[in-house]
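The values are calculated or read from the model by the stated rules, or taken from the named source; none is laboratory data. For clarity, every value in this text was computed on a predicted model and none was experimentally measured. Neighbour counts run over all protein chains shown; Cβ positions are idealised from the backbone, glycine included. In case anyone asks, the SASA skips ligands and DNA or RNA and just uses the protein heavy atoms, side chains included. Shrake-Rupley method; radii C 1.70, N 1.55, O 1.52, S 1.80 Å.
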Amino acid sequence: MSRLQRVRVHSLRTSALLVVLAVVASPLVLLFATNGVESLFVGRTRERAVEGRDEVVALVRDAPGDVTTLSGRIDAIASARDQRIRVILPDGSVSIDRDHLVGRGWLFEVGDFVYGPDRVAVLTTFDAGRPPLPERAEVRAARAAGPAEQCDHSTLGNLEICDAAAAVPLPGGGGGLAVVHAQGSSRRALDTLYASRRQLLKLTGFVLALAIVLWFWMGRQMVRPVEALRDELLARARAAAPRADLKVTRSDEIGDVAAAFNVLMAALAERGRANEAFVADLAHELKNPVASARACAERLASDVPLDDERRHRLADALGTSAVRLDALVTQFLELARAEGGLPAESREEVDLEALVRGLARTMGEGSAVTIEVTVKAGATTEPVRVKGVASRLESVLRNLLDNALSFARARVGIEVGRAGDEAEVVVSDDGPGITPADMPRVFDRFFTTRGDRRGTGLGLALARAVVEAHGGTIQAQSLPEGGARFVVRLPLTPR
């Protein structure tokens, strides 16, 4: 089994099928969940009617005057419980009638939109077919024997309706018993829910069959091209020299992915060619000091007698070759780390002005070339600080100064300042400048125009790699009046 197959847990086909099933089943699940919630409310219909009745009984019992003054408070109780609450006087007349049985609010509006307003019609029809309120069984039982409850089942709409009644003395000691009557019902006509469920089950079966057909079609249209692209990429990966020539025959997202893979493989191929060139250049640069050291070693190992002067020359040649080899290997490793982004090196705030002044003082000692340091005036007098690896930034400036000193006639200038939200360091010299032919190769590895073979040809390449690892840029310019100019820009440390 390939590594690609081991990593994969679910295929696109499986994921697409799961999404289709979830979408198809979600309305059905929602309806069954609604049924369950409604069933809970049906079970509490009697309990809620008793609670509403008892709350109003306590209110009437403690009233200081006429019961009609309690109309507002009774209305609030009926509204909070979605009930119809009435107060029946001893003569059979209804003193207060607050009807919130149907219910109001966005929840009921949504329910009526989904299931229809059947509950209103069922309640109206059911109540109209019953005896007058004072003659109902629960009211008579309340007057005769105490609190009474009765629940009826309306076959029209399958609605559960519960009544709770209790007698209470009228306030003010006027005599006689009033009856508090609270009526509640289930929140939804269950026949509507059952009918919706049956219809939705039928619709779900049809949609599921259609969804499976669409799933097969999507598998052919989407998954098969992806699998074909995968197989072609794996075949290219096994080839000795992968080529960036995938056929892009589609104009959709899969075609975009194929084109992106072509770009990726072209970039990898270019990087491979660059690495091959780098190794070839390195081997070429190592050949000279290695050949010199080998020649010296063979001469010293020969039986031909050597005078002191000849022996000293051979020792000097060996030392020079060793120094050059050491410099090449050291800068090669530094360049490899810098091109990798310097991920393992800790960063700190670096004062560029202090760093430049220290290097100028050190490298200017004993030199016939004058090094001038200038701090560019700006809107603030704060030090120019960047966050980075101090030793690496020092190597950038050292390489730029060393390059400028090797070409300058009399003067090297260094300017430090701010350019917007970046720190800027400009190193210039009054030498011959850079020819247009050499300008594109200035930062190439092992490129140098020094006739005396000083240096390794890696200094400017290393400088560019370090600057880019710090999120900055470096540019080379040839000045019209003569001389070269290198501009380094690095992100400033946030205040």
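Of the residues Arg220, Arg392, Arg357, ranked by 1.4 Å probe accessible area with the largest first, the sequence reads Arg220, Arg357, Arg392.
In whole percent, how big is the carbon plus sulfur part of the accessible area of the stretch 381-495, probe 1.4 Å, protein atoms only?
C and S fraction of accessible area: 48 percent.
Multiplying the residue separation of Ala237 and Ala274 by 0.36 nm and removing their Cα-Cα distance gives an extension gain of 11.4 nm. When the stretch 300-458 is described by a simple charge dipole with +1 on each Lys and Arg Cβ and -1 on each Asp and Glu Cβ, the residue from Val323, Ile414, Val426 located farthest towards its positive end is Val323.
The accessible-area ordering, largest first, of the residues Lys202, Lys376 stands as Lys202, Lys376, per a 1.4 angstrom probe. A prolate overall shape is assigned to the stretch 291-433, the ratio a/c of its alpha-carbon gyration tensor axes (a ≥ b ≥ c) being 1.5 or greater and a/b exceeding b/c. Judged by the mean number of other Cβ atoms found within 10 Å, the most tightly packed of the peptides 381-388, 269-276 leads the ranking 381-388, 269-276.
When nucleic acids and ligands are ignored and a 1.4 Å probe is applied, Asp82 ends up with an accessible area of around 40 Å². A probe of 1.4 angstrom, applied to the heavy atoms of all protein chains, finds Glu232 with accessible area near 60 square angstrom. Accessible surface ranking for Thr124, Thr435, Thr204, 1.4 angstrom probe, highest first: Thr124, Thr435, Thr204. Classified by the C-alpha gyration tensor, the stretch 364-495 has a prolate form. Its axis ratio a/c, with a ≥ b ≥ c, is 1.5 or above, and a/b is larger than b/c.
Between Asp307 and Leu264, the simple label model (points 7 Å from Cα in the Cβ direction) yields a spacing of 6.9 nm. Anisotropy class assigned to the stretch 206-317 is prolate, per the alpha carbon gyration tensor with a/c at or over the 1.5 cut-off and a/b larger than b/c. Taking packing as the residue-averaged number of other Cβ atoms within 10 angstrom, the listed peptides 205-218, 476-489 run from highest to lowest as 476-489, 205-218. Relative to the current alpha-carbon distance between Ala209 and Ala410, full extension at 0.36 nm per residue lengthens the span by 63.6 nm.
For the pair Glu51 and Lys202, a Förster radius of 45 Å applied to the C-beta separation gives a FRET efficiency near 0.65, rounded to the nearest 0.05.
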